[in-house]
Amino acid sequence: MLSCLFSIPCGAKIHHHTFVIQEASYTRLCNNTKSILTVNGSYPGPTISARKGDTVYVKVINRGNKNITIHWHGVNQPRDPWSDGPEYITQCPIQPRANYTQRIQLTEEEGTLWWHAHSEFDRATVHGAIVIHPKLGTTFPFRKPHKEFTLILGEWWNKNITDVYQTAIESGNQFDLSDANTINGQPGDFMPCSANETFKVQVEQGKMYLLRVINAAMENAFFFGVSGHNVTVVGTDASYTKPYVNEFIMITPGQTMDLLLQANQFQNSSSPFRYYMIAALYFDGSSAASRDWNEAVAILEYKTNHFSPSIRPVFTSLPNHNDTNASAAFTSGLRSLASSDHPAVVTQTVDVKMYITISSNEQLCPNSSCDGANGTRFAASMNNASFQNPKIDVLDAYYNSIAGVYTTDFPDQPPLFFNFTDAQYQENAKFVDKSTKVKVLEYNTTVEIVFQGTNLVDGQVTHPIHLHGHSFYVIGRGTGNFDNTTDPLSYNLVDPPYQNTLGVPKNGWATIRFRAANPGVWFMHCHYETHNIWGMDTVFITKDGNSTEAKMLPPPADKPPC
């Protein structure tokens, strides 16, 4: 009963975890042993399990050799941006030998989310799952699965991650590619010296299983499927969907999906009993762009009552890496559950409309001294504003009225309109300058954003855009330049998917709506880590409302100093 006295729902629990940031030795790809940054020595890191309505406190102790922050991806953190985690946005980093206790409030979310480092390039190895079960007295809106498995899609670099980051920052050039894609930290059977450690799950014929799939990759979207089986999507980004059966999913960096799998393939002793779970690259960029094309696999194995020799699992091909039609067809099938217990509450009116172009760009260097194209530095932008992290975090500056840290002039539309998706782009839109521009929102306003992909520099790619502090309805998407007259006619205002990360189609557009009812400072950025670092970001500051329950909480006593 004590929890009821402290504005925590009755029956909800308070959980406590300790995350120790520390170096640990890991070996992948033929004795390439290196020291990586981990939480509690594990890669991927520990899973946080709780129920909807619970509160989780995580004491982050930094025993590493560098500054770091941790973000709870997809957790809205009502009124509490102090625990959100992005470096120099809502906090200064946790310094070595320091600690910081963050609070995770699971008020709305139900399903699968994840946590990860939100500083430099550290989330390559510092990440893990957040599993949120239905609150006590309720259950899944589908048949309870026999068992569940978490599958984290990621990447492995043989090089030191900090070196990869520092080299790219100093040179202004592209980041080095990963050496393998992974499932739960393992490259799988098709990569050198990896078959013995391939991740495996065991199932029983006739039973239903829940696969919690997380794309933690820095650079790669994936087609994911299970050979010999269909999957049924029942949730995205910790929000339930109408059951959606398909042979595969397409999942961008930052997204999570909950999939039901019926173990219906094993029939008798002569049937195949091992099947590959495959993560294959989806990349719709230009053929000249480089990517890590290596497929990662895990194994789904049926229990048998007899001895079976080790045989190669059944393999099924997924769509080609650049099959935009397959990607679009899958994505178009996602719908909110929109039931009485899990309603879709889509606002029908809009207070603030924004049109945001997302672009890869270039930044001029003195005497053409950088290693990017023609001596420039690679950059990225929203509405031609390339975000620069300040030296004091934006939240501290806002809360304490510290001048000179940011400006409030992030534009509602790009400075120049042209054919954004044409091969012949405007040369003067290619170059950007760095700034720290934010957008201020009045409390409880409804915001609609049209994201427009552009063809600047190497911008022809699906961009995964993530918004902190909010989930949003993806009410429309399409190819080409957004048409303000005709395209809104196709909006889904009945049961659009409710997400925190969406893939804006290559040379296309996507529209979201959300209510700014969470006072605080909230980051919005591309979840390709290179684009995030290059400046494809902005910040929303949502002002306080009138009531006590509509005001941002005060800062904690142990927040890290700059």
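The table for this structure:
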quantity: Of all residues making up segment 154-194, the number that are among the hydrophobic types (A, V, I, L, M, F, W, C) and at positive phi; calculated: 1
quantity: Test set (1) of a type outside the set (D, E, K, R); (2) open to solvent by 60 Å² or more (accessible area, probe 1.4 Å); (3) farther than 28 Å from residue 464 by Cα - residue 47 fails condition number; calculated: (3)
quantity: Residue check, residue 560 assigned to a loop (DSSP other than H, G, I, E, B) and of a type outside the set (A, V, I, L, M, F, W, C); calculated: yes
quantity: Count - residues of segment 239-282 that are under 18 Å from residue 110 (Cβ atoms), among the aliphatic types (A, V, I, L, M) and open to solvent by 10 Å² or more (accessible area, probe 1.4 Å); calculated: 1
quantity: Filtered residue count, segment 370-408, keeping only those that are polar (S, T, N, Q), open to solvent by 40 Å² or more (accessible area, probe 1.4 Å) and in contact with a Pro (Cβ under 7 Å, 6 or more places away or on another chain); calculated: 1
quantity: Strands (runs of 3 or more DSSP E) completely within segment 32-115 that count 2 or more residues being among the aliphatic types (A, V, I, L, M) and either over 21 Å from residue 552 (Cβ atoms) or free of Cβ contacts under 8 Å to residues at least 24 places away in the same chain (or both); calculated: 32-39, 48-51, 55-62
quantity: Test: residue 142 is open to solvent by 10 Å² or more (accessible area, probe 1.4 Å), within 27 Å of residue 76 (Cβ to Cβ), of a type in the set (A, V, I, L, M, F, W, C) and under 23 Å from the mean Cα position of the chain (by Cα); calculated: no
quantity: Among residues of segment 413-435, those that are touching a residue at least 60 places away in the same chain (Cβ under 8 Å) and part of a loop (DSSP other than H, G, I, E, B), counted; calculated: 6
quantity: Within segment 515-544, considering residues that are open to solvent by 10 Å² or more (accessible area, probe 1.4 Å) and more than 18 Å from the chain's Cα centre (by Cα), the one nearest to residue 473 (Cα to Cα); calculated: 515
quantity: Residues within segment 409-429 that are under 22 Å from residue 533 (Cα atoms), buried (at least 19 other Cβ atoms within 10 Å of the Cβ) and out of contact with any Lys or Arg (no Cβ under 6 Å at 6 or more places or on another chain), tallied; calculated: 2
quantity: Filtered residue count, segment 349-388, keeping only those that are in a loop (DSSP other than H, G, I, E, B) and not hydrophobic (A, V, I, L, M, F, W, C); calculated: 9
quantity: Yes/no for residue 223 being modelled with pLDDT of 95 or more and open to solvent by less than 30 Å² (accessible area, probe 1.4 Å); calculated: yes
quantity: Hits in segment 442-489 - residues which are aromatic (Phe, Trp, Tyr), within 25 Å of the chain's Cα centre (by Cα) and in a loop (DSSP other than H, G, I, E, B); calculated: 482
quantity: Close pairs from segment 311-332: first in contact (Cβ under 8 Å) with a residue 40 or more places away in the chain and closer than 14 Å to residue 279 by Cβ, partner open to solvent by 60 Å² or more (accessible area, probe 1.4 Å) and part of a loop (DSSP other than H, G, I, E, B), Cβ under 6 Å, at least 6 apart; calculated: none
quantity: Test set (1) of a type outside the set (Val, Ile, Thr); (2) surrounded by 19 or more Cβ atoms within 10 Å (Cβ to Cβ); (3) more than 21 Å from residue 23 (Cα to Cα) - residue 154 fails condition number; calculated: (3)
quantity: Residue within segment 318-335 that is more than 18 Å from residue 249 (Cα to Cα) and out of contact with any strand residue (DSSP E or B) (no Cβ under 8 Å at 6 or more places or on another chain) present; calculated: no
quantity: Criterion violated by residue 500 - all others in (1) more than 16 Å from the chain's Cα centre (by Cα); (2) buried (at least 22 other Cβ atoms within 10 Å of the Cβ) satisfied; calculated: (1)
quantity: Selection from segment 197-211 of residues that are open to solvent by less than 10 Å² (accessible area, probe 1.4 Å) and out of contact with any Asp or Glu (no Cβ under 6 Å at 6 or more places or on another chain); calculated: 201, 203, 209, 211
quantity: Qualifying residue in segment 333-348 (condition: in a strand (DSSP E or B), within 27 Å of the chain's Cα centre (by Cα) and in contact (Cβ under 8 Å) with a residue 40 or more places away in the chain); calculated: yes
quantity: Output for segment 50-66, where each listed residue is under 17 Å from residue 124 (Cβ atoms) and surrounded by fewer than 18 Cβ atoms within 10 Å (Cβ to Cβ); calculated: 65, 66
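The values are calculated or read from the model by the stated rules, or taken from the named source; none is laboratory data. Since this is a predicted model, take the numbers as computed values, not measurements. Ideal geometry is used to build each Cβ from the backbone, glycine not excepted, and the neighbour counts take in all protein chains shown. The area values use the complete protein model at the heavy-atom level, side chains included, leaving out ligands, DNA and RNA. Shrake-Rupley method; radii C 1.70, N 1.55, O 1.52, S 1.80 Å.
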